[in-house]
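As structure tokens, the structure follows; a few thoughts come after it.
The values are calculated or read from the model by the stated rules, or taken from the named source; none is laboratory data. Quick caveat: nothing in here was measured; it's all calculated off a predicted structure. All Cβ positions, even for glycine, are placed from backbone atoms using ideal geometry, and neighbour counts span all protein chains on display. Accessible surface is based on the protein model in full, side chains and every heavy atom, while ligands, DNA and RNA are left aside. Shrake-Rupley method; radii C 1.70, N 1.55, O 1.52, S 1.80 Å.
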Amino acid sequence: MDDDQNSRAARAVPPVDQLGRPLRDLRISVMDRCNFRCPYCMPEATYHESFRFLGPGERLDFDEIEQVARMAAELGVAKIRLTGGEPLLRPGLPDLVRRLRTLPGIEDVALTTNGVLLPRFAPALRQAGLRRVTVSLDSLDPAVFAHMSGGRGDLAAVLKGIDAACATGFEGGVKINTVVQRGVNDAGVPDILARFRKTGVTVRLIEYMDVGNRNGWVRADVVPSGELRARIAARWPLEALPPRYRGEVARRYRYADGAGEIGFVSSVSAPFCGACSRARLSSDGKLYTCLFATAGTDLRALLRGNTGDAEIDEQLRTILSRIWRHRTDRYSEERMHSRSSRPGGEKAFRQEKIEMHYIGG
């Protein structure tokens, strides 16, 4: 089959990967910088004042991001999440939201943020069509929060950001992401849940993962979701909820007393690779097919080539389809398998991975 036939086939049939998983979600990192230095993502020792981040000309501009997203939508992507680094550091972000929201096939545009800048930008983002907001919040204890934000965060500012998002009234709601580490912030999880019960805000409790290469991850620091759920249920009985769609990351539960719902993201103790439908685009235009990827495919060179937009679109469509059809990623499942089946277990399985701040969480 020649290239023209391949391109026509890509347009006619949405691709599935080698494990039968469709391409449904695209996470776009618009900024590799962040105003926090969370130890599990961007530890200060590495990302210090002299660290060289991408320059403005090295990041994809909004036209280029829109072009990739449009071709991804033609291949089946319906949901886009904007991430970073801290995405609200990217100037003009509401304009990008507006562009993405109007693309044919895109049903949902969401944002993950540390929340500090939400009071300034939430109304404009909502007006532009942003549907959902997720705020990272690891503790309500000022000292623990300071530690987990690398000494850069302001707890009061994050809480104001959450309040601003709630007041703005995003159609798809507001969620909290809490990364739980044993002996660091796990004891404070009930405080977070208590604060947001009965508010309509859903807290999602995320197992501490071995993302990137610099966070010193060991399994002993992980609090398995099952253990955490049992702790919570002893105080507030929980009832399991069915998934809303194939590939939903969080396992959902509601409080038996009707105070809302919470979610558990269990990529260490109960990997969900088998239903993963997410691709990730870095801010400098590399496409990755897994959060734990070791390499990506450069799209920026193609986007900045000398050919016309129509030809670039055709090449993008073909490349995206080919990448997805060849995809075999299931890192978390392999990590779990290696724990018991390989000499050295998880330690032997470690590999150099792309840093989370670069491709988004």
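Taking first residues from the stretch 140-164 that are free of Cβ contacts under 8 Å to residues at least 60 places away in the same chain and assigned to a loop (DSSP other than H, G, I, E, B) and partners that are crowded, with 18+ Cβ neighbours inside 10 Å and among the basic types (Lys, Arg), no Cβ contact under 9 Å between residues at least 6 apart in sequence or on separate chains turns up. Taking the numbered list (1) over 20 Å from residue 352 (Cβ atoms); (2) among the polar types (S, T, N, Q); (3) surrounded by fewer than 19 Cβ atoms within 10 Å (Cβ to Cβ) in turn, residue 328 passes all entries but (1). Scan the stretch 11-32 for residues that are buried (at least 17 other Cβ atoms within 10 Å of the Cβ) and in a loop (DSSP other than H, G, I, E, B) and the total you get is 8.
For the stretch 253-280, a residue qualifies if it is buried (at least 18 other Cβ atoms within 10 Å of the Cβ) and basic (Lys, Arg), and the qualifying residues are 278, 280.
Can you say whether residue 259 is over 16 Å from the mean Cα position of the chain (by Cα), more than 21 Å from residue 196 (Cα to Cα) and assigned to a loop (DSSP other than H, G, I, E, B), as far as the supplied structure shows?
So residue 259 does not fit the description; no.
Of note, residue 353 satisfies the criterion of being under 23 Å from residue 81 (Cβ atoms), at pLDDT below 90 and among the basic types (Lys, Arg). The set of residues in the stretch 189-209 being open to solvent by less than 20 Å² (accessible area, probe 1.4 Å) and either assigned to a helix (DSSP H, G or I) or not hydroxyl-bearing (Ser, Thr, Tyr) (or both) consists of 189, 192, 193, 196, 201, 203, 205, 207.
Could you list all residues from the stretch 279-321 that are in a helix (DSSP H, G or I) and either within 19 Å of the chain's Cα centre (by Cα) or touching a residue at least 60 places away in the same chain (Cβ under 8 Å) (or both)? Before the answer, list the steps.
Filtering the stretch 279-321 down to residues in a helix (DSSP H, G or I) leaves 300-303, 309-321.
If the condition is that a residue be in a helix (DSSP H, G or I) and either within 19 Å of the chain's Cα centre (by Cα) or touching a residue at least 60 places away in the same chain (Cβ under 8 Å) (or both), then 300, 303, 309, 312, 313, 314, 316, 317, 318, 320, 321 are the ones that fit.
When residue 121 is tested against (1) in contact with a Lys or Arg (Cβ under 9 Å, 6 or more places away or on another chain); (2) under 29 Å from residue 47 (Cα atoms); (3) open to solvent by 30 Å² or more (accessible area, probe 1.4 Å), just one condition goes unmet, and that condition is (1).
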